[in-house]
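Notes for the one structure printed next.
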Amino acid sequence: MTDTRGPQPQYEGYATGPLPGEREPAGPSGPYHPPQAYQAPGDGSDGGRQRPGPGGGTLGGQQATRKPRTGARTTPRTRKARLRVAKADPWSVMKVSFLLSIALGICTVVAAAVLWMVMDAMGVFSTVGGTISEATGSNESNGFDLQSFLSLPRVLIFTSVIAVIDVVLATALATLGAFIYNLSAGFVGGVELTLAEDE
């Protein structure tokens, strides 16, 4: 309902203060604020409230320094994983072993050539060859000529033949070993590996 009487006159016999039994207001009236559970020194932000944060700090104001617990681990934990090689692919094993055996054969040929040059520069072939020719020589022949037999082309050809045989044998044996491993892994489960994360 709307009061249509307008402003009522003030009578001198009545006081304008509170009625008997009522308390006087403490100050100017303002918006009502309900009591809060967490009071904080008001800085005007978030309605003068502070929310409790983790570790005893607060989110609204200055965050407190979190102290480490007694007996807590300070060293990082290394993660480990235990894996099992269940099957080796024979085709991939053959390709890898073929390339590795070719690299090993090239290294063998180069090492044989370098070793021959070093021994020839040191005079090993001439000294040993002279001794062998004197021991095997006679009146009709001069004996066995070691220098002509162990010439550099002959040594390289002999080493290349050995390298080719090594490539064929290593590739075949590695592939056969992959088949044998797959058969044995079907019975015993394969080789177990423990992998650790790098710190």
If we scan the stretch 89-108, do we find a residue that is closer than 30 Å to residue 198 by Cα and in contact with an Asp or Glu (Cβ under 6 Å, 6 or more places away or on another chain)?
no
Which one of the conditions (1) open to solvent by 90 Å² or more (accessible area, probe 1.4 Å); (2) at pLDDT 90 or above does residue 192 fail to meet, given that it meets all the rest?
(2)
State all residues of the stretch 157-189 that are of a type in the set (S, T, N, Q), open to solvent by 30 Å² or more (accessible area, probe 1.4 Å) and more than 20 Å from residue 86 (Cα to Cα); if no residue qualifies, say none.
160
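The values are calculated or read from the model by the stated rules, or taken from the named source; none is laboratory data. Fair warning: this is a prediction, and the values are worked out from it, not measured in the lab. Cβ atoms come from the backbone with ideal geometry, glycine included; neighbour counts cover every protein chain shown. To get the accessible areas, we keep the full protein, side chains included, count just its heavy atoms, and leave off ligands, DNA and RNA. Shrake-Rupley method; radii C 1.70, N 1.55, O 1.52, S 1.80 Å.
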